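Student: Right, I'll just put the structure down here and ask away after.
The values are calculated or read from the model by the stated rules, or taken from the named source; none is laboratory data. Keep in mind that what you see is a predicted model, and the values were worked out from it rather than measured. Every residue, glycine as well, gets a Cβ built from its backbone with ideal geometry; the counts of neighbours run over all protein chains shown.
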Amino acid sequence: MVTGKGGTGKTTVAAALALGLAAGGHRILLVEVEGRQGLAQLFDTPPLPYVETRLAASQGGEVIGLAVDPEAAMLEYLELFYSIKRGGSVLRKMGAVDFVTTIAPGLRDVLLTGKAKEAVTRKVGGRPVFDAVVLDAPPTGRITQFLQATHEVADLAKFGPIHKQSVGVSTLLHSPQTVIHLVTLLEEMPVQETLDAAAELRAADYRIGRVIVNRARPVLVEAGLLHEGSVDEQTLARGLTQAGLQSGVAVGLATALATEVNEYSQRQAVEAEADDQLAAAGLPIVRLPELSPPVDVGGLFELAGALEPREWQYPPNGVRS
């Protein structure tokens, strides 16, 4: 599972992770559950239906996309566990499905994670259909609530198919098969939300994988060499003149450059402090380069290469979620 504060690029990272895992002939399912059609935009395809759809090939492997729709998932659930097929279409027309998932939001999350669980456990000829399932999960602000919904619904429904399904999903989410990666930027609010989410997930007994620092900028000047307001414009102008620029041009350029250097210094100080906070949490960190927006499929492959997820440590048995 991949989560992160809104705007950190968690969907992009989830897509790159899926491409990286597919390399070498593996079949990966990439799932989104927020209804934003973010995967379709990234892979430049029409909006994804509630059907597993091939998105990309990667070094002999492939990435299959699935946009889970809560209403369709509920109708599928009713047909599977209660043999309600024609009645399901009637419920859709009545708006009953939307009504149920609205008054019981926990059930909505169970339906979403339940679909991912079905993909993880699905087998053909005794072998898993997918080598890994990557879920583009809700943001860090509600990731624990999203995962805990299955446990809460299992407590409410003491028996029957709903209880059994909820227990099965909860067991998978807490098992060694599932890891949760946290995407962040080196900024104060995303880092703090990442640390808070990591603490909540640990307390709820979920396994954390990597902290993935997205859009990491290169360090151009060593720490300590720059301080805000420390650039001497006159010295800079003389240096530009010696480099061959006309005096008037050098003076004007020196002012602009001094402003840029000071802004860079401030940004670097913020990123260094955020980096220290993440390091202190003791979580493994992976850094992704900053790419020029918008990120296209070529950029996703570049990020996949930077992630190198095939080298990460995973439980040796079973499908990875």
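Student: Could you grab me the full set of residues in region 153-171 that are modelled with pLDDT of 85 or more and crowded, with 21+ Cβ neighbours inside 10 Å?
Tutor: Val169, Ser170
Student: State whether one or more residues within region 89-98 are more than 19 Å from the chain's Cα centre (by Cα) and modelled with pLDDT of 80 or more.
Tutor: no
Student: Collect the residues in region 168-188 that are of a type in the set (Ser, Thr, Tyr) and under 16 Å from Ala16 (Cβ atoms), keeping them in residue-number order.
Tutor: The initial filter retains those residues of region 168-188 that are of a type in the set (Ser, Thr, Tyr), namely 170-171, 175, 178, 184.
Listed by number, the list holds a single entry, Thr184.
A quick yes/no check of all residues on (1) under 37 Å from the mean Cα position of the chain (by Cα); (2) at pLDDT 90 or above:
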site	(1), (2)
Gln242	no, yes
Gln246	no, no
Val251	no, no
Thr255	no, no
Ser265	yes, no
Asp275	yes, yes
Val286	yes, yes
Pro289	yes, yes
Ser292	yes, no
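Student: Further question: What about Leu300, is it part of a helix (DSSP H, G or I), modelled with pLDDT of 90 or more and more than 30 Å from Arg207 (Cβ to Cβ)?
Tutor: On the way: part of a helix (DSSP H, G or I): yes; modelled with pLDDT of 90 or more: yes; more than 30 Å from Arg207 (Cβ to Cβ): no.
So Leu300 does not fit the description; no.
Student: Considering only residues that are aliphatic (A, V, I, L, M) and at pLDDT 95 or above, which ones fall in region 43-55?
Tutor: Selection gives Leu55 alone.
Student: Give the residues of region 2-30 that are more than 14 Å from His181 (Cβ to Cβ) and not in a helix (DSSP H, G or I), sorted by residue number. Break it down into steps so the answer makes sense when it comes.
Tutor: First pass over region 2-30, keeping only residues more than 14 Å from His181 (Cβ to Cβ): 6-7, 19, 22-29.
Once the filter is applied, which keeps residues that are more than 14 Å from His181 (Cβ to Cβ) and not in a helix (DSSP H, G or I), region 2-30 yields Gly6, Gly7, Ala23, Gly24, Gly25, His26, Arg27, Ile28, Leu29.
Student: Same structure, new question: Before we move on, is Val231 touching a residue at least 40 places away in the same chain (Cβ under 8 Å) and part of a loop (DSSP other than H, G, I, E, B)? Walk me through how you get there before you give the answer.
Tutor: On the way: touching a residue at least 40 places away in the same chain (Cβ under 8 Å): no; part of a loop (DSSP other than H, G, I, E, B): yes.
So Val231 does not fit the description; no.
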